[in-house]
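Enquirer: Below you'll find the structure I mean.
Values quoted throughout were computed directly from the atomic coordinates according to the rules given, and no laboratory measurement underlies them. Every value quoted in this text rests on a predicted model; they were computed, and no experiment measured them. Note that each Cβ is placed from the backbone with ideal geometry, even for glycine, and that neighbours are counted across all protein chains shown.
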Amino acid sequence: MTSFSELLDSLQDYPRIKIVGSFEELVETPMRNGINALCWPRELAGDFGEIVEKLAVGKGITSIDEARLRTLDLSDAGGVAREILLQDQELLRARDLQPSLDCIHGYVNEIEPELLRTDVQSWHVDSATVEADTYLCTYFGATSEGLSNEEVRRRVDVPEFRAELRNIYGGADDEGFREFLHEHYLDLHYTPLQHALPFSFGVGPLWRIATEYPGSPVPPCVHRAPETLAGQPPRLLLIS
């Protein structure tokens, strides 16, 4: 696992990432000058692994509400972790956000062929119809990854992919083809260039990343959920 200092050092190589020193700075710093990811780095106390163990979720994504979290019988270290989970959600709710705490034990959806993939484990950007950002924090388990916009290309802009998608669409009109791509979220997914070097979101930091919305001053942050590997423990994720 990447150490806290190693994570901070690695993020210095990505000019689109800005490190901030507090929650207030995280939510109040404007996205501009090409920066599309803000990171509040934190080394969190407590035993989040115990919380995951006590939740004992099945396969797929399980949302954990506050009532269930409070009923868990935890050690002192587990209790410290629980308070952090509750406090983080309260911080986001106080900013009129709607955080969700999810325990993810693999993904049950069928993975499409690379050309048609629109699952969260595919490189993608989040989108909105109005100004909005995505907040996320991994407390336990595998972490999300990101890529610089200069190191990716929209999958639908790769000539051979676009030609194949045209064949699937089956029509000649450009407007209808664009609507087809948009309706199936195909225009939100990316393919990395050969030299692309992903960065880790790490365990503990709270991130705010830019989404694609009309009038956004910066490009959206390209990211993906971690691959599901056999024997991998569940992941505890906060997202808003």
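Enquirer: Look at the range 1-33 and say how many of its residues are small (Gly, Ala, Ser), in a loop (DSSP other than H, G, I, E, B) and surrounded by 13 or more Cβ atoms within 10 Å (Cβ to Cβ).
Expert: Selection size over the range 1-33: 0.
Enquirer: I need the full set of residues from the range 76-101 which are touching a residue at least 60 places away in the same chain (Cβ under 8 Å) and part of a helix (DSSP H, G or I), in order please.
Expert: Of everything in the range 76-101, those that are touching a residue at least 60 places away in the same chain (Cβ under 8 Å) and part of a helix (DSSP H, G or I) turn out to be LEU85, ASP88, GLN89, LEU91, LEU92.
Enquirer: List the number of the failed condition for GLU66; all other conditions in (1) buried (at least 18 other Cβ atoms within 10 Å of the Cβ); (2) of a type in the set (D, E, K, R); (3) touching a Leu at 6+ places or on another chain (Cβ under 8 Å) hold.
Expert: Unmet condition: (1).
Enquirer: Given the residues VAL222, VAL218, which is the only one that is among the β-branched types (Val, Ile, Thr), out of contact with any Pro (no Cβ under 7 Å at 6 or more places or on another chain) and under 18 Å from LEU11 (Cα atoms)?
Expert: VAL222
Enquirer: Same structure, new question: Mind listing just one residue for me: the one in the range 111-141 that is hydrophobic (A, V, I, L, M, F, W, C) and out of contact with any Leu (no Cβ under 8 Å at 6 or more places or on another chain) and, of those, surrounded by the fewest Cβ atoms within 10 Å (Cβ to Cβ)?
Expert: The qualifying residue surrounded by the fewest Cβ atoms within 10 Å (Cβ to Cβ) is VAL130.
Enquirer: Determine whether the range 41-49 contains at least one residue that is in contact with a Pro (Cβ under 7 Å, 6 or more places away or on another chain), closer than 23 Å to LEU85 by Cβ and of a type in the set (Phe, Trp, Tyr).
Expert: The answer is no, given that none of the residues of the range 41-49 is in contact with a Pro (Cβ under 7 Å, 6 or more places away or on another chain), closer than 23 Å to LEU85 by Cβ and of a type in the set (Phe, Trp, Tyr).
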